[in-house]
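J.: This is the structure I have questions about; it appears just below.
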Amino acid sequence: MSHEARIFIGEDQQIIRSDPLQRVVIFVSMAGNTLGSHLRLTTFGESHGNSIGGIIDGMPAGVEIDTEAVAFELSRRKPGQSKLTTARRESDQVEWLSGLWQGKTTGSPLAFRIANKDARPQDYDMMQDVYRPGHADRTYQEKYGIRDPRGGGRSSARETANWVVAGTIARHLLPSELKCIAYVDQVGTIHAPTLSTPDATEIEAHPVRCPHEATAQKMQDLIERTKKKGDSVGGAIRCVVTAAPAGLGEPVFGKLPARLGAALFSLNAVKGVEFGSGFQAASMFGSTHNDTYDAKGEPTSNHAGGSLGGLSTGTPIEFRVAFKPTSTIGKSQQTIDLSGQVVQLEAKGRHDPCVVPRAVPIVEALTLFTLADLYLISKTDRL
């Protein structure tokens, strides 16, 4: 007897194959909530739900955790920190649920929770039956047969607070001399000068998080003008990691840029990641792109961006991350509702007119978490 295997999505059923032996029922659930290999972060929560949080697995025992550092990094990411960001107000205080005793890790899973104190799900009542342009509304509905309309639910950047916690925790596993500094180097068509050694104090001195003061002010003016128009604008972040150990990464499918790129592309609104010379390499000759060595064995340039053959070289790891404009805007846009009817939408709610100022600590966190994971792998391989 032949039986049909069916996939269930909401109330709909779709035949996917015939199975002569048994009837196979597949339920669609949301996978892909874990980042990392030896060091793993699994997260939960929605933008306007009760809370968000995560479990960090693989942390060695006896690591003294600087919880104040975690709080500081969250303050750099949290909403409502300046007039350039969303008006949502969240204290983003971390509640540690397990894995810590007297300030040190026990080796058991490190679990934490961050309450949503300023959730306003009612702001999205008008958008329950409408697909917002540029958002995951329609793809979620088509995949799962259901979606959380409250700020996008799981697809919201609210989730990234979990990543900042994990990245700050992961920093404890890396050599103390390693430095990871990111800054905004582009908003719209405004570009900042490239800095080989960006200064963290100068970055934090301006709400845009661009360390070049004159450029930062131009960026701020553009963001404010864009916000008044009910529109949004894109931008880019540059990140420099110094004193990273050589040999991080694997030479084939686990290349350092591939692992970092996979983590960074998980970040909402990211549309491109380039390492070293990036897309400019397409217009260069090998004689100018190759990083030659001087008499001391030091490279004279860093077009490779700190990795060769998928492995870190010990030179600075340099990359840029490009972000699209925020999808939710106040301008009227054509879209469709759940029935397929064309409608006009002027989206409401509290949203950043430009995401890059608050994305700086998230880029750093994902970078640190990935490097810590690769660092643990490198240590394990030597045992």
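J.: Within segment 312-378, list the trypsin sites (Lys or Arg not before Pro) lying in a DSSP loop whose Cβ has at most 15 other Cβ atoms in a 10 Å radius.
T.: Listed in order of number, the matching sites are Lys331, Lys348.
J.: Of Lys143/Lys228; Lys104/Lys179; Lys117/Lys229; Lys104/Lys143, which ones are farther than 32 Å apart at the Cα?
T.: Lys143/Lys228; Lys104/Lys143, as the Cα separations exceed 32 Å there.
J.: Cα-based Rg of the chain per 2.2 N^0.38 Å, rounded to two decimals?
T.: Normalised Cα radius of gyration, the chain: 1.07.
J.: Which shape class applies to segment 140-212: rounded if a/c is under 1.5, otherwise prolate when a/b exceeds b/c and oblate if not, where a ≥ b ≥ c are the square roots of the Cα gyration tensor eigenvalues?
T.: Judged from the Cα gyration tensor, segment 140-212 comes out oblate (a/c at least 1.5, b/c at or above a/b).
J.: Still on this structure, I have one more. Which of the lysines could a cross-linker span from Lys271 if the Cα-Cα distance has to be under 19 Å and same-chain partners fewer than 8 positions apart are dropped?
T.: In chain and number order, the partners are Lys324.
J.: Still on this structure, I have one more. If each DSSP helix of 4+ residues adds -39,500 (n - 2.57) and the sum is divided by the residues in the chain, what number results at 222 nm, nearest 500 deg cm²/dmol?
T.: Calculated mean residue ellipticity at 222 nm is -7500 deg cm²/dmol.
Throughout, read-outs are computed from the coordinates displayed, never taken from laboratory work. Everything quoted here is computed from the prediction, not taken from an experiment. Glycine also receives a Cβ, built like all others from the backbone with ideal geometry; neighbour counts cover every protein chain displayed.
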